[in-house]
Every structure is written in structure tokens, then in C-alpha cells.
Amino acid sequence: MSSYRIQGATGEWEVVIGLEVHAQITSKAKLFSGASATFGAEPNSNVSLVDAAMPGMLPVPNRECIRQAVKTGMALGAQINRYSRFDRKNYFYADLPQGYQISQLYHPIVGEGALIIDADEKTGIAEPKTIGIERLHVEQDAGKLMHDQHPTRSYVDLNRSGVALMEIVSKPEMRSPAEAGAYLRKLRSILRYVGSCDGNMEEGSMRADVNVSVRKPGDPFGTRTETKNVNSIRFVMATIETEANRQVDVIEAGGRIVQETRLYDPDRNETRSMRSKEDAHDYRYFPDPDLLPLELDDAFLAGCESELPELPDAKRARYATLGVPAYNAAVITADVETARWFEALVEATGKPAVEIARTASNWLISDLFGALNRLGKSIVDSPVSAAQGAELLALVADGTLSGTLGKQVFEIMLETGDGPAKIVDERGLKQTSDTGAIDAAIAEIMAANADKVAEYRGGKDKLFGFFVGQTMKAMAGKANPGVVNERLKAALD
């Protein structure tokens, strides 16, 4: 449990948090039309007659969007409802051509599920915690108003109108910004593993409505506010902290919290009132007369289940059986692209996973990630391929390269894109176990440091490291460290 509390003038306050995550479903077409759902097109270029709400146009459900929603529900361990229905949510806004949004209220496609967030001492999450999922329903997105194109006018872009969304509603079971951040990171990871959403919050394909209330520990829930369309995990956490502190200040000053919709301003780090919070009856929900209910059969559900990948928790548990350290496994499985790269790395070595997984994970976390961070790149655009990484590990394992030479070759790989074997051959970087050459270097070093040889033989054992360093330097780092240690020991003793 998190121990996050807000200290007010009248004592400690507990924060109660629920998140409504809108995740754009990965599909080529929109939810009820054949128009493209591609991000970044010219304004109003991906708009069909259905999206523009032209008279007589009828919506037709996109089977792929329904399949992706069901797979997501299965990945969350949720109840899949064989019967679901679309409803009209009536409200009027400039970017909503129909005057209503097609959504699901009374009969969503996915019912209750759960998500486990992991312990993280750095953020105060002392132990794993299960956050309940209340529901997942499918709905269409609205368009977008553009206010910065003209000094006195606003323009409407309908490219996003009709794009398929999953709204994933948590139960109000989070108690700190850290828990909310962990929940969002885990949810985004699962969506990306399933392939149902790319999780790109910067492009708006995943965003969160943040519900916050405060109470004295043990009291009933307080009145909540909803901060709309927060588009980064960092901003979600900041929204919670800012809004919770605002609510405590209002209550302790003798005021009351009004149930309303608010917006978060990251520049000022504050939330501002947007409008009073509507209830379901304000939207006048009723079944959409143009759409039949969805009825899912056994074959469709079995097909969805068969397409589910190995999910992060299961993958992490499997890595533990291969000897991968817990920290490494957590980092690798947090992102599906990293996990895929690691799997390709292990496979490319040609060795049984149980023999190489630990070494491969250490190299990935320390060497490759360190380089990628330095270069400002992600695993997806890594200048070193998984096959090249496996080749480098093999050269170190068979003694062709020492650890030091391996790091040197790796830096050249980053610069040139060449494979490690080519670099070793062209630059003569192969490790040597030639005892004659090593013995000659040792003899020269001992002759040049007779005083230190005497000190060593007089009991100053720590000088052994000095002789190792000098020998490796004389051999330009190419000497086999094991042979160097063996020959030095013999010569000095």
C-alpha cells in the first residue's frame, strides 16, 4: 500500500483516484466507416460521409475494432460480454457532426477485470497492488477544434471523428500519484503487447480523464472532480497532486467541492474549471436504432484468445526461470519492443536460453541501453541489431575478445554499423593467449619495477593488480586476462 497523504491544517487527507483511459484502437479504418484512421493526415482528408453525419448515412461496425477490444479485455482478465449494445450519448459541440456520440453505457463489451501494479520502493509503492477494472467499452472519437489558425475563428478537423476508442474505466482504488503512474505504465504496456493500441500519448492515441477526491482516512468518499484529456503519465501524476491539494485547501477554508469537469494547465501547474460535471441522464442515452446488438459466438472468442501474446507478467516469470535478474526482467518486459529485441538477441546466439539469458540481459541493460540513452535513440532504432549483439557476445564468450576489447568493439559497432567479426579482423583486435608474448611483456615490466616486485614478494599482495594493469597496457588490451593472471602469478611467486 502507498502511504501517500496530504498534510492539511486539520490533519492528514487521503486521496482517492480513478482513471478513465481512452485508448485509440489499432485499425486501418474507423469504427463505423471505411475512412482511414491514420494519424497526421491533412485536416479533413480522412472523412467519409458517415463521419460527417450526412443524411441517410448508416454506421457499420468494424469487426477488427471489436476483435481488438475483446483481446484487450481478455488480457486484463476481464469478463467478456457475449451480448453488448451501442447507445447514443447526446451532446452538442462543434466537433461532433452527428450531435451525439455512439458509445456503450448499459451493455459494454467488457465487464470487470483487474490490473496488478508492481512494488516500487523509489515511488513509495511498498508491495504489489491489484487495481480493479470496472469496464471497457467501445465508442467513437469526436473531431478536433483548432484555435490557433486564425485570430478570430476556430476551425474543425474531422479526421479523428469516428476513430475507434476503448474507454477503460478503473475502480477508485488508487491512493497516490505514484500508483496512478504505475497503473498507466502497466496498462500501456499491456495494450502494446496485445497490439490493440500504440499507447502514444503525445499523438493523443492514449489519454486519461483523471477523477480525484479527498477524504479523511476512513471517511466515505468525497465529491470528485474529473480533469479531462491529460496526455502524459507525468501530467496525470501532476494533475492528481495539484487537484488534491486544491481540494484540501477549499475544504479547510470552509468551502465545498463541486462535481465538475476541469482542465490541467501544465505551464502553470494548475487545474481550471471547464464545466459542471454531467451525469448519465444529462446525456439522454438511448439504444442506437441504426446498430444491432453485438452477439459474440464461441468461434470468435476462441479466435481472439488464440491471438493473445505472452503478456508482461508471464514473460517476466519465465525469465526468472532462465536466471535473468528480477530488475533486468522488469526493465525488459516493461516495453514490448524491448522484449522482442531481447528474445531475438537470445535466439540469435544459438545457445539454450537458460545458458545465455542472464549474460544477454546484463549486456542489454548496461551496455546497449547506456549507449542508446547517450545517443538519444530507442531500441527500435538501435544502430546495433540483435544478430550483431549476439555475435559480439559469442566472441567474448569464446575468448576471441576480452571484456575490455568487447566494449571497444561495441563502440566501433555503434559508430560504423559494422558487425563485430569484421571489426576484429580489419583492426586486429583479437585477444591473444600467446604465452611467449605475454611472458616477454611480464619480464620487461618486472625489470622496470624491481622495487615493486620486492614489495610484492615481501607480502604486499595488493600490488598484483598493478602488474596485471601494466601487462594489459603493454599488450594493448589484447592479452587474455586469464592467461595474464596465470603467467604473472608464476613469475612473481
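Read-outs: derived from the displayed coordinates by stated rules, not from any lab. Computed from a prediction, not measured in an experiment: that's the story for all the values here. Glycine also receives a Cβ, built like all others from the backbone with ideal geometry; neighbour counts cover every protein chain displayed.
Sequentially through region 38-51, phi angles give Karplus couplings (6.51, -1.76, 1.60; θ = phi - 60°) of 5, 7, x, 6, 4, x, 6, 9, 10, 9, 8, 5, 5, 5 Hz, Gly and Pro residues having no value and appearing as x.
As an exercise, use a Förster radius of 22 Å and the Cβ-Cβ distance of Asp95 and Glu42 to find the FRET efficiency, rounded to the nearest 0.05. For Asp95 and Glu42, the calculated efficiency is 0.85. Which of rounded, prolate, oblate describes region 156-270, given a ≥ b ≥ c as roots of the alpha-carbon gyration tensor eigenvalues and a/c under 1.5 marking rounded, otherwise prolate only if a/b is larger than b/c? Judged from the Cα gyration tensor, region 156-270 comes out prolate (a/c at least 1.5, a/b above b/c). Under 5 Å between amide hydrogens, built in the peptide plane, is the criterion, and for Val110 it picks out Asn81, Leu136 among residues at least 5 positions away or on other chains. Annotation: amide H of Ala29 within the under-5 Å range of Ala37, sequence separation 5 or more or interchain, hydrogens built in the peptide plane.
Between beta-carbons, use under 14 Å as the cut-off and find the net charge around Ala41, counting Lys and Arg +1, Asp and Glu -1. Spelling it out: positives minus negatives among the neighbours equals 0.
Label zone (Glu12, point 7 Å along Cα-to-C-beta; backbone nitrogen cut-off 20 Å) within region 216-230: 216-222. Taking every DSSP helix (H) stretch of at least 4 residues in the chain, weighting each as -39,500 (n - 2.57) and dividing the sum by the residue count yields a mean residue ellipticity at 222 nm of -12000 deg cm²/dmol. For region 322-331, putting each phi into the Karplus relation 6.51 cos²θ - 1.76 cosθ + 1.60 with θ = phi - 60° gives couplings of 8, x, 6, x, 4, 4, 4, 4, 5, 5 Hz, in residue order, rounded to whole numbers and with x for Gly and Pro. In this rough spin-label picture, where each label sits 7 Å from Cα along the Cβ direction, the Arg63-Leu145 distance is 3.9 nm.
Name the residues of region 388-419 whose amide N is less than 13 Å from a point 7 angstrom out from the Cα of Arg374 along the C-beta direction? Within reach of a label on Arg374, which here means backbone N under 13 Å from a point 7 Å along Cα→Cβ, region 388-419 contributes 407-416. Near Arg316: Cβ cut-off under 11 Å, other residues only, Lys/Arg at +1 and Asp/Glu at -1. The net charge is -1. With a Förster radius of 30 Å applied to the C-beta separation of Ala320 and Asn200, the computed FRET efficiency comes to 0.50. In order along region 58-64, the phi-based Karplus estimate (6.51 cos²θ - 1.76 cosθ + 1.60, θ = phi - 60°) of 3J(HN,Hα) comes to 10, x, 10, x, 8, 4, 4 Hz; Gly and Pro are listed as x. Shape of region 80-180 from the C-alpha gyration tensor: oblate (a/c of 1.5 or more and a/b not above b/c, with a ≥ b ≥ c the square roots of its eigenvalues).
Charged neighbours of Ala126, selected by a Cβ distance under 13 Å, balance to -2 (K, R count +1; D, E count -1).
Reported to the nearest whole Å, the Cα centre-to-centre distance from region 10-31 to region 77-96 is 16. FRET efficiency for the pair Arg284 and Glu310, taken as 1/(1 + (r/R0)^6) with r the Cβ-Cβ distance and R0 = 51 Å, rounds to 0.70.
If you take the Cα centroid of region 227-297 and the Cα centroid of region 119-185, the two points sit 11 Å apart.
Peptide packing for 229-241, 403-415, 154-166, 252-264 was compared via the average number of neighbouring C-beta atoms within 10 Å per residue; ordered from the highest value, the list is 154-166, 229-241, 403-415, 252-264. The fewest-to-most ranking of Thr227, Thr123 by surrounding Cβ atoms within 10 Å reads Thr123, Thr227. Run the quick spin-label model on Ser3 and Ala330: label points 7 Å from Cα toward the beta carbon, then report their separation in nm to one decimal. Inter-label distance under the simple model: 1.8 nm.
Exposure proxy ranking for Met74, Met174, based on other Cβ atoms within 10 angstrom of each Cβ and starting from the fewest, stands as Met74, Met174. Pull out a ≥ b ≥ c, the square roots of the eigenvalues of the alpha-carbon gyration tensor of region 435-492, then state rounded if a/c is under 1.5, prolate if not and a/b is larger than b/c, and oblate in the remaining case. Prolate, because a/c is 1.5 or more and a/b exceeds b/c.
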